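Step one of this worksheet: look at the structure below.
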Amino acid sequence: MPKTVDELTFTDDGMFQAVMHNPGICAELVERLLHIRVKQINYPKLEKQIAPFYTSKGIRLDVYLKDEDKVIDIEIQNYPQEALGKRSRYYSAMIDMDNLMKGQDYTELKDSYILFICKEDPFRDDNNSYYGLSCYTFHNVCDEDTSIKLHDNSLKVIYNASAYNKEKDEKIRDFLYFIHTNDPGKDDFNKRLSEQVEKIKENEKFRRDYAAMNLHDRDLIRITKREALAEGAQLKAIEDAKSFYANGVSVEIIAKS
């Protein structure tokens, strides 16, 4: 069952986007986690959908924002996601496609940042053991000489809140602790996030929108279950028909059954 509004925390869908709608909070979070300056926050859409071709797989971004010279996608992950690396690759490609208009030169591409905030460690080694880093930062560099960078101005940063105690940067460590425990502690920024969550819970429009979103999600779940049951019944009928035919039952009799 989905959470009620009063049960929501900062990391929950809907609430995360609502809190990030505050430009000051959003800018501070970006600057704290990516160590970059944000001059101006522009929200093309908080939940941005990109599907350039009807045949291509679309994406829905949690928080998508633009600065003068950069685009930033911020994703919150409450549960482990499969193929996170490929997911981030696809997100980056779709964002570039969304930002470079026909006729523009590649030099006009803005710097691209993909930021994932994960409650659990998303990476394991070949022995299925977690690496346990608090932060995973990925640049495109040359294998033969790592001092040579591709200079594609694309960066992917993935935080693992479950390893908050391994983070050396105090402000980031405090933030990851908040993500992991929902306890803001003594950090002023985390307290502001927590206060914003409680304020949003009292907003009647948010409460109505959240209820409507849950109804829509439940409808989709019911439709999916019905389709799955129908498909399962069809597959069973096919398997039964194959079995009857293999045991000498005529096609005509099978067709009537």
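The values are calculated or read from the model by the stated rules, or taken from the named source; none is laboratory data. It should be emphasised that the depicted structure is a prediction, and the values quoted were computed from it without experimental measurement. Note that we place each Cβ from the backbone using ideal geometry, even for glycine, and neighbour counts take in every protein chain shown. Accessible surface is based on the protein model in full, side chains and every heavy atom, while ligands, DNA and RNA are left aside. Shrake-Rupley method; radii C 1.70, N 1.55, O 1.52, S 1.80 Å.
Hey, does the stretch 66-80 have a residue that's at pLDDT below 85, open to solvent by less than 60 Å² (accessible area, probe 1.4 Å) and under 25 Å from ILE36 (Cα atoms)? Looking through the stretch 66-80, at least one residue is at pLDDT below 85, open to solvent by less than 60 Å² (accessible area, probe 1.4 Å) and under 25 Å from ILE36 (Cα atoms).
Taking the criterion of being open to solvent by 40 Å² or more (accessible area, probe 1.4 Å), under 10 Å from the mean Cα position of the chain (by Cα) and not polar (S, T, N, Q), the only residue of the stretch 81-93 that qualifies is ARG87. Residue pairs whose Cβ atoms lie under 6 Å apart, separated by 6 or more positions or on different chains, with the first residue in the stretch 168-180 and aliphatic (A, V, I, L, M) and the second part of a helix (DSSP H, G or I) and open to solvent by 50 Å² or more (accessible area, probe 1.4 Å), are LEU176/TYR164. Restricted to the stretch 144-183, and to residues there that are acidic (Asp, Glu), modelled with pLDDT of 95 or more and in a loop (DSSP other than H, G, I, E, B), the residue that is most open to solvent (accessible area, probe 1.4 Å) is GLU144. When the stretch 186-218 is filtered for residues that are assigned to a loop (DSSP other than H, G, I, E, B) and under 17 Å from VAL19 (Cβ atoms), the ones remaining, listed by number, are ASP187, GLU202, ASN203. All conditions but one from (1) closer than 18 Å to ILE76 by Cα; (2) without any contact (Cβ under 8 Å) to a residue 40 or more places away in the chain apply to LYS119; the one that does not is (2). Pairs are defined by a Cβ separation below 6 Å, a sequence spacing of at least 6 or placement on different chains, a first member in the stretch 71-89 that is closer than 11 Å to TYR113 by Cα, and a second member that is open to solvent by 10 Å² or more (accessible area, probe 1.4 Å) and among the polar types (S, T, N, Q); the pairs so defined are VAL71/ASN99.
For the residues ASP121, ASP96, the requirement of being of a type in the set (D, E, K, R), buried (at least 18 other Cβ atoms within 10 Å of the Cβ) and either assigned to a helix (DSSP H, G or I) or more than 10 Å from the chain's Cα centre (by Cα) (or both) singles out ASP121. Would it be correct to say that ASN153 is of a type in the set (S, T, N, Q) and either at positive phi or under 16 Å from the mean Cα position of the chain (by Cα) (or both)? The answer is yes for ASN153.
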